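Before any comments, here is the structure.
The values are calculated or read from the model by the stated rules, or taken from the named source; none is laboratory data. In this text the structure is predicted, and so the values were computed from the model without any measurement. Cβ sites come from the backbone with ideal geometry, for glycine too, and all protein chains shown count toward neighbours.
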Amino acid sequence: MQLGIIGLAQSGKTTLFEALTGATLDPARRGETQVGTIDVPDRRVNLLSDMYRPKKTIFAKIQYILPARGHADREKDAAALVGAVRSCDALIHVVRNFSPPGGEPPRPLADFRDLDSELVFADLVAVEKRLERLEADAKRGKKADPEELALLGRCSEILNADRPLRRDPALAADPKLRGFAFASAKPCLVVANNDEADPDFPNIPELSEQESVLAVRCRLEQELSQMAPEDAQAFLAEYGLTETARDRMIRRSYELLGRISFFTVGEDEVRAWTVARGASALESAGAVHSDIQRGFIRAEVLAYDDLMAAGSYAEAKKRAAVRLEGKTYEVKDGDIAHFRFNV
């Protein structure tokens with residue numbers, strides 16, 4: 001899962017990137033796009049690893065991308081931003097909700113609108129260029145796909161109204177538009193960067209269902225990420241927190257994108273896999289390996305809770321908790337799957 005961290009200058013997006021990844025960025029390289037990958041903490045993976053004692057334990061991964069900014073030309077700057085987050089599944093939009101010493105008071109709603117308008121502008125440029133290309137092709141006798149034309153026309157209407165495409169979920173998710181990877185179509189987690197004394201999210205009434213919200217004290221969390229685990233726990237307690245922002249953001253990101261985790265286990269490897277909620281056994285097999293999907297026969301499935309209750313896979317089988325499922329079975333969060341296949 002890839003998440004792009006965006007925000008206006010001085011919003012705290014770099015501080016948040018450091019808090020989430022545990023990295024300390026070299027000031028000389030802050031003009032470059034940064035990439036950080038972290039393990040997704042999951043106690044179930046730890047317990048499965050304790051049970052199977054595998055050679056390798058592999059957690060699910062999240063990759064955070066912090067785009068470089070700085071082009072003087074608005075179109076080039078917007079294009080660079082969109083290009084950096086093109087592969088991302090969702091965006092984390094950081095808005096300043098604190099007053100720096102001697103600085104301007106926060107205006108989170110206006111800041112959110114300003115950068116969101118840049119995404120809209122970049123997408124509009126891409127739509128207009130595609131429409132111009134289709135028009136030129138038509139003049140040369142090449143017939144355009146009428147469905148693509150209709151979809152792009154709808155995109156143009158929304159974007160010209162300065163609205164992000166995510167506000168029309170059906171349009172944003174249309175398979176024919178997937179190749180465009182429109183930035184304003186991506187789900188968005190809006191993070192209010194608060195000062196240390198403020199745990200609350202500001203009032204931004206215009207946000208939609210496609211824009212989840214979270215308040216984070218980024219500077220505090222950045223300091224926390226550099227601490228030893230025992231010191232971090234004491235630090236969390238001092239501020240009345242029960243979990244880090246990284247844990248909260250991972251959970252919220254999974255919810256926003258509709259993702260779940262299933263597991264494969266054995267002596268060689270215990271591993272967590274991330275798939276879309278509602279994914280079939282066949283689709284989940286493909287997440288493990290394309291050959292397994294191609295030669296899929298059946299999935300042997302055991303719920304994590306049933307395994308823990310039984311104490312072992314063998315005992316779970318005796319209790320008839322292990323099931324054989326076909327291609328269309330909907331994989332559940334926490335399922336332990338063994339895929340039978342033949343290629």
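Only one entry of Val322, Val301, Val288 meets the criterion of being modelled with pLDDT of 95 or more, under 27 Å from Glu255 (Cβ atoms) and in contact with a helix residue (DSSP H, G or I) (Cβ under 9 Å, 6 or more places away or on another chain), and that entry is Val301.
Here's the yes/no breakdown for (1) in a loop (DSSP other than H, G, I, E, B); (2) over 14 Å from the mean Cα position of the chain (by Cα); (3) under 30 Å from Arg178 (Cα atoms):
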position: Glu18; (1), (2), (3): no, yes, no
position: Leu25; (1), (2), (3): yes, yes, no
position: Gly31; (1), (2), (3): yes, yes, yes
position: Thr37; (1), (2), (3): no, no, yes
position: Leu48; (1), (2), (3): no, yes, no
position: Ile62; (1), (2), (3): no, no, yes
position: Val82; (1), (2), (3): no, yes, yes
position: Pro100; (1), (2), (3): yes, yes, no
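Of Val82, Val94, all but one fail to be more than 23 Å from Glu223 (Cβ to Cβ) and buried (at least 22 other Cβ atoms within 10 Å of the Cβ); the exception is Val82. Mind listing whichever residues of the stretch 149-164 are in a helix (DSSP H, G or I) and either among the hydrophobic types (A, V, I, L, M, F, W, C) or outside the structural domain of Arg178 (by TED's automatic domain parsing) (or both)? Residues satisfying the conditions are Leu149, Ala150, Leu151, Leu152, Cys155, Ile158, Leu159. Only a single criterion out of (1) at pLDDT below 95; (2) acidic (Asp, Glu); (3) touching a helix residue (DSSP H, G or I) at 6+ places or on another chain (Cβ under 7 Å) is not satisfied by Glu243, namely (3). Of all the listed residues (Ser225, Ser208, Ser184), the sole one being modelled with pLDDT of 90 or more, assigned by TED's automatic domain parsing to the domain that holds Asp114 and of a type in the set (S, T, N, Q) is Ser184. Put simply, of Arg69, Arg43 the only residue that is surrounded by fewer than 17 Cβ atoms within 10 Å (Cβ to Cβ) and either under 27 Å from Leu220 (Cα atoms) or not aliphatic (A, V, I, L, M) (or both) is Arg43.
Only residues that are more than 16 Å from Gly12 (Cβ to Cβ) and not in a strand (DSSP E or B): list them for the stretch 201-225, please.
Listed by number, the residues that qualify are Asn203, Ile204, Pro205, Glu206, Leu207, Ser208, Glu209, Gln210.
Those strands (runs of 3 or more DSSP E) of the stretch 256-343 in which at least 1 residues are buried (at least 18 other Cβ atoms within 10 Å of the Cβ), considering only elements entirely within it, cover 259-264, 269-276, 296-303, 335-341.
Select, from Asp200, Asp137, Asp145, Asp195, the only residue that is in the same structural domain as Ile6 (by TED's automatic domain parsing) and within 23 Å of the chain's Cα centre (by Cα).
Values: Asp137 fails: within 23 Å of the chain's Cα centre (by Cα); Asp145 fails: within 23 Å of the chain's Cα centre (by Cα); Asp195 fails: within 23 Å of the chain's Cα centre (by Cα).
That would be Asp200, the only listed residue that is in the same structural domain as Ile6 (by TED's automatic domain parsing) and within 23 Å of the chain's Cα centre (by Cα).
For Glu243, indicate whether it is farther than 26 Å from Pro108 by Cβ, in contact with a Lys or Arg (Cβ under 9 Å, 6 or more places away or on another chain) and loosely packed, with under 12 Cβ neighbours inside 10 Å.
no
Residue check: is Thr14 outside any strand (DSSP E or B), touching a strand residue (DSSP E or B) at 6+ places or on another chain (Cβ under 7 Å), among the β-branched types (Val, Ile, Thr) and closer than 30 Å to Arg107 by Cα? Walk me through how you get there before you give the answer.
Numbers: outside any strand (DSSP E or B): yes; touching a strand residue (DSSP E or B) at 6+ places or on another chain (Cβ under 7 Å): yes; among the β-branched types (Val, Ile, Thr): yes; closer than 30 Å to Arg107 by Cα: yes.
Considered against the rule, which asks whether it is outside any strand (DSSP E or B), touching a strand residue (DSSP E or B) at 6+ places or on another chain (Cβ under 7 Å), among the β-branched types (Val, Ile, Thr) and closer than 30 Å to Arg107 by Cα, Thr14 comes out as yes.
So, in the stretch 246-255, of the ones that are surrounded by fewer than 16 Cβ atoms within 10 Å (Cβ to Cβ) and without any contact (Cβ under 8 Å) to a residue 60 or more places away in the chain, which residue ends up farthest from Leu224 (Cα to Cα)? Please lay out each step first, then the result.
Going residue by residue through the stretch 246-255, those that are surrounded by fewer than 16 Cβ atoms within 10 Å (Cβ to Cβ) are 247, 251, 255.
Next cut, without any contact (Cβ under 8 Å) to a residue 60 or more places away in the chain only: 251, 255.
Details: Arg251: 19, Glu255: 24 Å.
Among residues in the stretch 246-255 that are surrounded by fewer than 16 Cβ atoms within 10 Å (Cβ to Cβ) and without any contact (Cβ under 8 Å) to a residue 60 or more places away in the chain, the one farthest from Leu224 (Cα to Cα) is Glu255.
Looking across Arg251, Arg277, Arg246, Arg259, one residue alone is more than 30 Å from Ala170 (Cβ to Cβ) and of a type outside the set (Val, Ile, Thr). It is Arg246. Could you tell me whether Leu91 is touching a residue at least 24 places away in the same chain (Cβ under 8 Å) and either in contact with a Gly (Cβ under 7 Å, 6 or more places away or on another chain) or in a loop (DSSP other than H, G, I, E, B) (or both)? Against the criterion (touching a residue at least 24 places away in the same chain (Cβ under 8 Å) and either in contact with a Gly (Cβ under 7 Å, 6 or more places away or on another chain) or in a loop (DSSP other than H, G, I, E, B) (or both)), Leu91 qualifies.
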